[in-house]
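Colleague: Got a structure here, written out as structure tokens. Questions coming.
The values are calculated or read from the model by the stated rules, or taken from the named source; none is laboratory data. Just so it is clear, the structure is predicted and the values come from calculations on it, not from any experiment. Neighbour counts run over all protein chains shown; Cβ positions are idealised from the backbone, glycine included. When the accessible area is computed, the model is the full protein with side chains, heavy atoms only, and any ligands, DNA or RNA have been set aside. Shrake-Rupley method; radii C 1.70, N 1.55, O 1.52, S 1.80 Å.
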Amino acid sequence: MAARLNPYLSFDGDARQAMEFYEQVFGGTLALKTFGEFGDADAPEADKIMHGMLETPSGFTLMGADTPPGMPYNPGNTFAVSLSGDDEAELRGYWEKLADGGNVAVPLEKQMWGDVFGMCADRFGTPWMVNITVRRS
């Protein structure tokens, strides 16, 4: 898969409703994963969306999630630009340049879902998410 650039929206507990609304607006295929699927199924946030992705027939990709526990939800700052794909060298190169002089919130490293992921704000304050898909055999 080539690298992909798309918006990533943050929500305050209503990501499922929002992503389902966008699916009705744009059509396409919606995939939703909850916090409970990747952690404690009995936690209060278990049914909240950890990651949602809508891929539309027009080629749009929209991602979104509920704000994780312990992170503040700041209306007006509810987006990030997401870079994703499986070309590790290309995506690590982008990460290094974006993080240089910026603020790293989540280091680029392997995550519980198996991919390499990081979050940073570049030196201009733009929030970025980088996800490198790890090929599974």
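Colleague: Output the residues belonging to the stretch 63-73 that are crowded, with 16+ Cβ neighbours inside 10 Å and farther than 17 Å from Thr133 by Cα.
Modeller: Correct list: Gly64, Ala65, Asp66, Thr67.
Colleague: Another question, then. Only one residue in Val116, Val106 is of a type in the set (Val, Ile, Thr) and in contact with a helix residue (DSSP H, G or I) (Cβ under 9 Å, 6 or more places away or on another chain), so which one is that?
Modeller: Exactly one residue qualifies, and that residue is Val116.
Colleague: Would you mind listing the strands (runs of 3 or more DSSP E) fully within the stretch 17-93 where at least 3 residues are of a type in the set (A, V, I, L, M, F, W, C) and at pLDDT 95 or above?
Modeller: 29-34, 49-55
Colleague: Among the residues in the stretch 29-51, are any β-branched (Val, Ile, Thr), in contact with a Leu (Cβ under 9 Å, 6 or more places away or on another chain) and surrounded by 14 or more Cβ atoms within 10 Å (Cβ to Cβ)?
Modeller: From the stretch 29-51, those β-branched (Val, Ile, Thr) are 29, 34, 49; that's our starting set.
Restricting the remaining residues to those that are in contact with a Leu (Cβ under 9 Å, 6 or more places away or on another chain) gives 29, 49.
Among the residues that remain, those that are also surrounded by 14 or more Cβ atoms within 10 Å (Cβ to Cβ) are: 49.
The answer is yes; a qualifying residue exists.
Colleague: Residues Gly76, Gly102, Gly85: which one is open to solvent by less than 70 Å² (accessible area, probe 1.4 Å), touching an Asp or Glu at 6+ places or on another chain (Cβ under 6 Å), over 20 Å from Glu23 (Cβ atoms) and small (Gly, Ala, Ser)?
Modeller: After ruling out the rest, the residue left standing is Gly102.
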